[in-house]
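Colleague: First, the structure itself, so that you have it in front of you.
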Amino acid sequence: MRYRHRVRFEVRQPQPDDGSGNVIPEAWTAVVTVWAGWRPKFGREQIVAGALESTAQGVLTVLAFSTTMAIRPDHRVVFVAGPYRGRTFGVHSVTPTIDGREIEFLLVEGDS
């Protein structure tokens, strides 16, 4: 696998209210930024509210180390370099490879 894409994993941080009972929107906090391999899957479409909507998805592969092994499906991925720069994907599944050297993440765009 060639690691050509720079990605940032983020986790949602709940925010306290502002002291007046107003809830502050949750914020995303960076966990780690790494180089990754990306294999997009094409052809997934769904009907949302009567309109056809295309959903980007694919498999992201990173080297396994302590920080990346802690990533869970409640995290999201933001591409910070490469052709997908600025796009955000939700993590749907986390699967270590058989040899344990890499971790594969099934991602769906905008689903975080």
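The values are calculated or read from the model by the stated rules, or taken from the named source; none is laboratory data. All values derive from a computational prediction rather than experimental measurement. Neighbour counts are summed over all protein chains in view; Cβ atoms, including those assigned to glycine, are modelled from backbone coordinates with ideal geometry. Keep in mind that these areas ignore ligands, DNA and RNA; they rest on the heavy atoms of the full protein, side chains included. Shrake-Rupley method; radii C 1.70, N 1.55, O 1.52, S 1.80 Å.
Colleague: Provide a single number: the residues in segment 71-112 that are assigned to a strand (DSSP E or B) and basic (Lys, Arg). Outline the logic, then answer.
Modeller: Step one: list which residues in segment 71-112 are assigned to a strand (DSSP E or B), which gives 75-81, 88-96, 102-109.
Going one step further and asking which of them are basic (Lys, Arg), we end up with 76.
Residues in segment 71-112 being assigned to a strand (DSSP E or B) and basic (Lys, Arg): 1 in total.
Colleague: Then there is this: Among (1) more than 16 Å from residue 109 (Cα to Cα); (2) modelled with pLDDT of 70 or more; (3) not hydroxyl-bearing (Ser, Thr, Tyr), where does residue 41 come up short?
Modeller: Here residue 41 clears every test but (1).
Colleague: Here is a further query. Within the group 59, 32, 80, 91, which residue is under 17 Å from residue 9 (Cα atoms), in contact with an Asp or Glu (Cβ under 6 Å, 6 or more places away or on another chain) and at pLDDT 85 or above? If you could, list the steps in order and put the result at the bottom.
Modeller: Working: 32 fails: in contact with an Asp or Glu (Cβ under 6 Å, 6 or more places away or on another chain); 80 fails: in contact with an Asp or Glu (Cβ under 6 Å, 6 or more places away or on another chain); 91 fails: in contact with an Asp or Glu (Cβ under 6 Å, 6 or more places away or on another chain).
The unique qualifying residue is 59.
Colleague: Could you list all residues from segment 62-77 that are open to solvent by 50 Å² or more (accessible area, probe 1.4 Å) and closer than 15 Å to residue 8 by Cβ? Break it down into steps so the answer makes sense when it comes.
Modeller: Initially, segment 62-77 is screened for residues open to solvent by 50 Å² or more (accessible area, probe 1.4 Å), giving 63, 65-66, 69-70, 72-74.
Selection gives 70 alone.
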